[in-house]
1. Just checking, does segment 352-369 include any residue being hydroxyl-bearing (Ser, Thr, Tyr), surrounded by 15 or more Cβ atoms within 10 Å (Cβ to Cβ) and either at pLDDT below 90 or assigned by TED's automatic domain parsing to the domain that holds Pro401 (or both)?
2. With the requirement that a residue be buried (at least 16 other Cβ atoms within 10 Å of the Cβ) and of a type outside the set (Lys, Arg), what does segment 410-431 give you?
3. Go through segment 359-414 and tell me which helices (runs of 4 or more DSSP H), entirely inside it, have 2 or more residues that are of a type in the set (Lys, Arg).
4. Just the residues that are within 16 Å of Cys436 (Cα to Cα) and at pLDDT 90 or above, please, taken from segment 370-394.
5. So which pairs qualify, if the first residue must be in segment 205-216 and part of a helix (DSSP H, G or I), the second must be among the small types (Gly, Ala, Ser) and at pLDDT below 75, the Cβ gap must be under 6 Å, and the two must be at least 6 apart or on different chains?
6. Test of understanding: among Ile386, Ile451, Ile382, Ile372, which residue is without any contact (Cβ under 8 Å) to a residue 60 or more places away in the chain, surrounded by 18 or more Cβ atoms within 10 Å (Cβ to Cβ) and either more than 30 Å from Ser504 (Cβ to Cβ) or touching a helix residue (DSSP H, G or I) at 6+ places or on another chain (Cβ under 8 Å) (or both)?
7. Checking Pro391 against (1) surrounded by 12 or more Cβ atoms within 10 Å (Cβ to Cβ); (2) under 15 Å from Val363 (Cα atoms); (3) of a type outside the set (Lys, Arg): exactly one of these is not met. Which one?
8. Which residues, taken from segment 455-506, are in contact with a strand residue (DSSP E or B) (Cβ under 8 Å, 6 or more places away or on another chain), at pLDDT below 85 and in a helix (DSSP H, G or I)?
Amino acid sequence: MNQKQTETPIRYSIRFKIFLVSLLPTIALLAAAFLNNQYLSDLGDSAEQILSKNYKSIRAAQEARKTLEELRNRMLEQVSGRQGIIVIPAERLQNLSDNLNICRRNVTEIGEQEMIDRLYDGFDRYETLARTLKEDRQNSWSGDRFTGFLEITAEMINIIENLVAINENAMEHAEHQTRLLAGRAQQQAAILFGVIITAILALSYFWSFRIAKPIMALAQQISGIQEGTGTYPMIPSQTNDEIGFLRKSFNRLLSRLEQYDHHRDEILATEREKVRRSEEAKGRFIADISHQLKTPMTSLAMSVGMLNNRGESLAAEKRIKLCAMANEDCSRLTALINELVDISRLEAMSRPRPKETLDIAVVIRECLAPLIKQTEKKEISIDLRIPDNLPRVTIDSFRFPWVITNLVGNALRYIDQGGRIVLKVYKQGTRFYFQCSDTGSGIDPDYLPYIFDRFTQFSERGKSGTIGLGLAIVKDIIEQHGGDIQVESSMGKGTTFTFWIPVSMEEKA
């Protein structure tokens, strides 16, 4: 089920939603920019109409009127001065014609073309009269011709003034339209931007609420979960985005926490049972150790007391027997005291020590050296099987020898005279394997599950004067090296302890 949830793709991601929210104001801004461009284009057309065609017509008409007035004034001066020859400059006539052509090329308003036609009709008559005067060598300037010239000039000036008035009115109208258009553009732009800002704020609030709501709901649901209860609710997934994926991830985490809590409860129950058994074993241990200490000490005191008080009067055989009993009691007390020393070793096992890389064959031979006298006394042979090509091993040089010494010492304690102990070492993969086998009496199958428990005594241990700590220490040391130990035993056939440790601390990690 969890794998299926993991493979479900995210349909609408939060990033996509945020992109949509940011895309809407972008589209709105583009629309506003387009409308403003339209308004600016219209304003540009209106300005072109005002500043280009109408202005050119007005300017050309004013230049034409100025030319007509100058020619009229020049004519009046010549007439009033009674000059014999009346001169009308040709360049002034050409200037007048050019200005009229400009007016004709920039016709934009209604009625303007009609006035241009009237101007050209008057200009033809004006030009014909001027040409007649130029060709008349006698300059016979009659009153009718002079009056006609003034009438044509006045008529053309009047038409030009009307043409200027039409263009000025058009410019005023265009200016008014431009102001109206600009005002309308400002108003519509203000409305548009107001709508855009309102929409952006509304959408931002809506989407932020939509995004934050499932997060807040998830936070509230998670905050209501009590750690360590062993039962965790499944959070329903309502969205198919990152929040939904996060809910599914939390559900997987809660499922694993639930499994972990169940596993932890089982471990705690097992550990509590171990502690209970350990406490019970400690109680029995205190009673047993008191009894075991009291018995040899009482016997030793009696033997020493008899030798001290009546030693000279006792027979030699009796004295030898009392000395042997005292020696045996001292050995039993020594074994008990050594076991008590092991308690302090066991408590100190939690403190880590530095590791060294050593030759395992040399280490084992040094461990067996103190046991040589015991093997010779009981005529027990130790068969050491260690290949010559074994690599060096990383161990705690202070604690690891205790493993070898304790295992071989236990074998010596429970093996009969003339027995045999085989200690085999070999490498398999990344592990060193150690196997200690003996031909002793073996261990009762009922005791095998508890052989490595602390303070656990069996009948064989009680007889040997031990209190059941050696194998517990052995197991702790091997586990500290990252390994494990197992035992196989058959009654009357012997016991085999097999344990392994990694070749190096890197393999342990």
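The values are calculated or read from the model by the stated rules, or taken from the named source; none is laboratory data. Keep in mind that what you see is a predicted model, and the values were worked out from it rather than measured. Positions of Cβ are generated from backbone atoms using ideal geometry, with glycine treated the same way; all protein chains shown enter the neighbour counts.
1. Looking for residues that are hydroxyl-bearing (Ser, Thr, Tyr), surrounded by 15 or more Cβ atoms within 10 Å (Cβ to Cβ) and either at pLDDT below 90 or assigned by TED's automatic domain parsing to the domain that holds Pro401 (or both), one finds none in segment 352-369, hence no.
2. Result: Asn410, Ala411, Leu412, Tyr414, Ile415, Gly419, Ile421, Val422, Leu423, Val425.
3. Helices (runs of 4 or more DSSP H) meeting the threshold: 372-377.
4. Across segment 370-394, the qualifying residues are Ile380, Ser381, Ile382, Asp383, Leu384, Arg385, Ile386, Pro387.
5. none
6. Criteria check complete, one pass: Ile451.
7. So the condition that Pro391 fails would be (1).
8. The answer is Met505, and nothing else.
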